[in-house]
Amino acid sequence: MEKYNARFAKAPFDDRDVHRALVAGHDDLDDAFAWKEERSVSMNLTLQYDQVLFILEPTGIARSLARKRVTVIDCPDGRLAIRHNGVDLPKLLGGVNHPAAAQDQIERHCHLLI
């Protein structure tokens with residue numbers, strides 16, 4: 001490395017260090033390399049991503065997101081998050097491949113709540 005530097009190195013124009021400081025929260029590489037897509041939440045708190053139907057847990061914030069846009073974050077390590085304004089939303093059911101199966105799971109969950 002020293003031979004390479006001796007051969008190709010150039011003295012800087014200005015000796016001041018002009019590197020920007022790393023801002024807290026901007027060093028999350030998982031978030032930087034994640035695939036992000038926007039999806040609309042339906043009135044029954046469901047959204048579809050990658051041919052899978054996701055059901056959001058019926059919390060106060062999730063209910064307020066009906067007919068609004070959320071961001072689906074698909075990380076390279078396989079994790080999937082649903083986020084709105086920087087807040088991860090809890091999923092009631094991880095994913096259902098068929099709408100009839102989703103309806104069946106919704107009905108079973110509703111019976112548990114009664």
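The values are calculated or read from the model by the stated rules, or taken from the named source; none is laboratory data. This is a predicted model, so every value here is computed, not measured. Don't worry about glycine lacking a Cβ; one is built from the backbone with ideal geometry, like all the others, and counts go over all protein chains shown.
Scan segment 28-66 residue by residue and report those that are hydrophobic (A, V, I, L, M, F, W, C), outside any loop (DSSP other than H, G, I, E, B) and in contact with a Leu (Cβ under 8 Å, 6 or more places away or on another chain).
Step one: list which residues in segment 28-66 are hydrophobic (A, V, I, L, M, F, W, C), which gives 29, 32-35, 41, 43, 45, 47, 52-56, 61-62, 65-66.
Still in the list and also outside any loop (DSSP other than H, G, I, E, B): 29, 32, 35, 47, 52-56, 61-62.
Listed by number, the residues that qualify are L47, L53, F54, I55, L56, I61, A62.
Tallying residues that are out of contact with any Ser or Thr (no Cβ under 7 Å at 6 or more places or on another chain) and over 16 Å from V87 (Cα atoms) within segment 46-66 yields 6.
To keep it simple, each residue is scored yes or no on (1) surrounded by fewer than 10 Cβ atoms within 10 Å (Cβ to Cβ); (2) among the aromatic types (F, W, Y); (3) in contact with a helix residue (DSSP H, G or I) (Cβ under 6 Å, 6 or more places away or on another chain).
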| residue | (1), (2), (3) |
| --- | --- |
| A6 | yes, no, no |
| K10 | yes, no, no |
| R16 | yes, no, no |
| R20 | yes, no, no |
| D30 | no, no, no |
| R39 | no, no, no |
| L45 | no, no, yes |
| L53 | no, no, yes |
| I61 | no, no, no |
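For segment 67-85, what are the residues that are assigned to a loop (DSSP other than H, G, I, E, B) and either β-branched (V, I, T) or at pLDDT 90 or above (or both)?
Here is the first cut: in segment 67-85, the residues assigned to a loop (DSSP other than H, G, I, E, B) are 67-68, 75-79, 85.
Of everything in segment 67-85, those that are assigned to a loop (DSSP other than H, G, I, E, B) and either β-branched (V, I, T) or at pLDDT 90 or above (or both) turn out to be R67, K68, N85.
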